[in-house]
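First comes the structure, then the notes that go with it.
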Amino acid sequence: MGLMPCPKCGEAISEKATVCPYCNSNISKNKLIICEDCKKEYDISMGTCPNCGCPNPTVKQKKKKHKGVMISIIVFALIVVSVLGFGILQKEKEQKYYSNMATATFTMLDGAAKAENAGNLIKSVWYNAIYEEQNSKTDQYTMKNGKFVDDFNDALSRLFADENFSNSISEIKTNRSEVADLMKQLKEPPKKYEEAYSVLKVCYDNYLKMTKIVISPTGSLNTFSEDFNIYDNDMVDSYEKMKLYLE
């Protein structure tokens, strides 16, 4: 009859024993393994062989397996965090772009409205100076000492020298600078707003033409009026299209 160490207390007991006579521990053959070094049996739950101290290979494998599971969980968690983080950053980028796009659109609309008022006054002064028609809004520019000025250019010069009108033109110029700065920030749109940016660029081109002709009117009354009306209508149309992309 062979002997083996008790899995609990380590005392030498019979290999056939089911209960240790020293510590009264139950001996289960189903939970015993053979030590790789000394070939003695011992309880599988023990971390090392009680006879020679050799590490239990099954415990080691469990640790490795546990470690592998933990690494997998950590890697998965990092991937999830990265994906969520990217999504949040992308969302913030889109929100900021939308805000700048809306600001640019409404700033353009404000400048276009100012240009429309100024352009209509220019047309009226120009027309009334040529055809010598009186009007309470234009008489101060087209008439001098109760008589119409000899040249419509004199009337337009008096208009642009007027403090209120000059301030209006300055506001339009300032508006153009603000819009230009905003458009620079919108050059690289997120994919979500690429189409909207294309429409906005058309609106911007019409806005530039409309404000420029008011700041520096050229040509004849007819060409000025025709061009101004075209730019005005184009600006309105492009704004209506741009509204589709604004909530």
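What follows draws every value from the coordinates through simple rules; no lab data is involved. Predicted model only: the values in this text are computed from it and were never measured. Because the Cβ atoms are built from the backbone with ideal geometry, glycine has one as well, and the counts that use them run over all protein chains shown.
Here are the numbers for the structure shown:
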quantity: Within the chain: Cβ-based charge dipole about Cα centre, in debye rounded to nearest 20 (Lys, Arg +1; Asp, Glu -1); calculated: 2740 debye
quantity: Residues 96, 8, sorted so that the one with the fewest Cβ neighbours within 10 Å comes first; calculated: 96, 8
quantity: Within the chain, helix-based [θ] at 222 nm, where runs of 4 or more DSSP H residues each add -39,500 (n - 2.57), nearest 500; calculated: -22500 deg cm²/dmol
quantity: Positive-end extreme of charge dipole, the chain - chosen from 224, 57, 120 (charges on Cβ); calculated: 57
quantity: Listed peptides 164-175, 99-110 by packing density, highest first (mean Cβ within 10 Å); calculated: 99-110, 164-175
quantity: Long-range HN-HN contacts of residue 41 with modeled amide H, under 5 Å; calculated: 35
quantity: Estimated inter-spin distance, residue 212 and residue 44, nm [label 7 Å along Cα→Cβ]; calculated: 8.6 nm
quantity: Hydrodynamic radius (Kirkwood) for the chain, which is based on Cα pairs only, to one decimal in Å; calculated: 25.8 Å
quantity: Extension reserve of the residue 134-residue 33 stretch, reckoned as 0.36 nm per residue once the Cα distance is removed; calculated: 24.7 nm
quantity: Mean separation of Cα contacts under 8 Å, 6 or more apart, over the residue count of the chain: relative contact order %; calculated: 15 percent
quantity: Cα-projected label distance for residue 89 with residue 246, points at 7 Å along beta-carbon direction, nm; calculated: 3.1 nm
